[in-house]
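Here's the structure we're looking at; comments come further down.
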Amino acid sequence: MTQFIQIAIQYLPSLLMAALTYTLPLTAISFILGLIFAILTALIRISKLPSEPIARLIMIILKAVAAFYVWLFRSTPMIVQLFIVFYGLPNAHINFFANAWVSAITVFSLNTGAYASESVRAAILSVPKVQKEAAESLGMTNRQVYWRVVLPQAARISIPPLSNSLISLLKDTSLASVITIVEMFYLSQQIAAENYKILSMYVLVAMVYALLTTILTVGQHYLERYTSRFTI
Amino acid sequence: MIEVKHIIKQYPDKRALDDVSATFNAHETAVILGPSGSGKSTLLRTLNLLERPTSGTLALNDLTINFEAPIAKKEIFNFRQSFGMVFQEKALFAHLTVLKNIIEGPVQVKKEPIAVATKKAQALLERFGMAELAERYPSELSVGQQQRVAIMRALAMQPEYLLLDEPTSALDPELEAQVLHVLKELATQRTSMIVVTHNLGFARQVADHIIFIENGQIGYDGSAEGFFSATDNRIQQFLNAMNF
């Protein structure tokens, strides 16, 4: 135990620094982009087909693309996606993804977007129909109805599932280690390889992940409590 | 004046409105009565295009909509701005305070400056004795207060007509009385209102014009006095069934 405390005192600052410079930025950027993908995908999937032929065709194509995207990212492991994007695409001369950060953020955000789109879709559909009708009856355009009335209320409803997605993403950023990003887990691997305190290092990094996810869980709790008054 | 002509609303399994024609004059209170499922709300919702009938026409002043022809979105938005609508319940925007609910339409749709819309909203809140509730959220109000705010939100758009779809049906008698008091005041001020209700007492007190609808067809269209003194068997049966 004394040995573990000594290791914790010695390496905790480095791990926390790695969390601040890699794990948390990767999580935050990927989650924000993932949310944008999720909202766009959900809106496409719940949109009605317009009657005008060209708009109808475009919407049919968009719906097919959105469905394929969700299926693709939900049906393949994230580590495989990371390998394809970081090692596979540059091999096919798509060098944009040779940058590990670009690859990691691309995969994490698309993956989060695919899963979260289902949560956002369910939340949008669970906003009472009368809220939409009330906005329409004021003369709001479809865009105003969604952005000013439906989506803010769907956001409240989707706090629990999106919080789960955020917590999962935070833990999944450890996979960035396989594409050379020295994030918190990769750093703990490197330290363990040097000092041979393998169990202690991995327990320590697990504790840091647990601390970060606990902070997010507490944040979720307060956010849910704060937004509970935004319901009728 | 609003005029609907030969309105048919056909669902796959039911004809909700069957060749309905009616006229609603400005500055009068029209009440639409009828048994549940008779087509009252469908008719009301047709007026501000929340329902799109299968056929027929709808005219407001010099604007006419033919439901068999395509309707431009802009035409729908313009048309709707002539109406304020109060729903049965739970139609206040849950994520906005009372004040923001009231100014949302004027600011977002009519593009009124926030300061102007706020001043008007505060005047409405004063008028309805709810000024101290301006910063509350709908969840923090009683259902009766929510309905009064819904009426204010509709009035804030300064509509030509106020449409009310069973505004008191979710309320207990005490809260219902508060809302009816507001509606009676509006009726006294000759606000143009079209109300779907089951409350025959209210209809008798404030209606200038009553439409009785059953099975999607109009069974009576005339004065309130004429309705309550009608000798027609079906109307008598309806009044008796409502214990009136």
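Computed from Cα positions, the angle between helix A:159-172 and the longest principal axis of chain A comes to roughly 30 degrees.
In this label model, B:ILE71 and A:VAL218 are separated by 5.4 nm, measuring between points 7 Å along each Cα→Cβ vector. Modelled this way, with points 7 Å down the Cα-to-C-beta line, the labels at A:MET1 and B:MET242 are 7.8 nm from one another. In the protein assembly as shown, helical runs assigned H by DSSP with n ≥ 4 each contribute -39500 (n - 2.57); averaged across all residues and rounded to the nearest 500, the mean residue ellipticity at 222 nm is -17500 deg cm²/dmol. DSSP finds beta bridges in the protein assembly as shown, and of those with both partners inside it, around 60 percent are antiparallel.
Rounded to the nearest angstrom and listed largest first, the equivalent-ellipsoid semi-axes of the stretch A:2-227 from its Cα gyration tensor are 39, 23, 11. Around the amide H of B:LEU162, modelled in the peptide plane, lie the amide H atoms of B:GLY84, B:SER192, B:MET193, B:ILE194, all under 5 Å away and 5 or more residues distant in sequence or on another chain. Quick one: length gained pulling B:ASN78 to B:GLU3 fully straight, 0.36 nm per residue minus the C-alpha distance? Full extension from B:ASN78 to B:GLU3 adds 25.3 nm. Can you tell me the FRET efficiency between B:SER142 and A:TYR196 if r is taken as the Cβ-Cβ distance and R0 is 56 Å, rounded to the nearest 0.05? The calculated FRET efficiency here is 0.25.
Between B:GLU174 and A:ILE32, the FRET efficiency from the beta-carbon distance, with R0 = 60 Å, is close to 0.80. The charge dipole of the stretch A:2-227, taken about the Cα centre with unit charges on the Cβ atoms of Lys, Arg (+1) and Asp, Glu (-1), comes to about 640 debye, rounded to the nearest 20.
Stretched out fully, how many nm does the piece from B:SER21 to B:GLN158 gain, at 0.36 nm a residue minus the Cα gap?
46.7 nm
The Cα trace of the protein assembly as shown gives Rg and Dmax of 29.5, 100 Å, the first to one decimal, the second as a whole number. Pull out a ≥ b ≥ c, the square roots of the eigenvalues of the alpha-carbon gyration tensor of the stretch B:17-143, then state rounded if a/c is under 1.5, prolate if not and a/b is larger than b/c, and oblate in the remaining case. It is prolate, given that a/c is not under 1.5 and a/b is the larger ratio. Between the helical axis of B:173-188 and the longest alpha-carbon principal axis of chain B there is an angle of about 90 degrees. Between amide H atoms placed 1.01 Å from N, distances below 5 Å from B:ASP221 occur with B:PHE212, all of them 5 or more places distant or on a separate chain. The length gained by stretching the chain between A:LEU89 and A:ASN164 to full extension, at 0.36 nm per residue less their Cα-Cα distance, is 24.0 nm.
Where a number appears in this text, it was derived from the coordinates with a stated rule and is not lab data. On a predicted model such as this, the values are computed, not experimentally measured, just so you know. Every residue, glycine among them, receives a Cβ derived from its backbone with ideal geometry; neighbour counts consider all protein chains shown.
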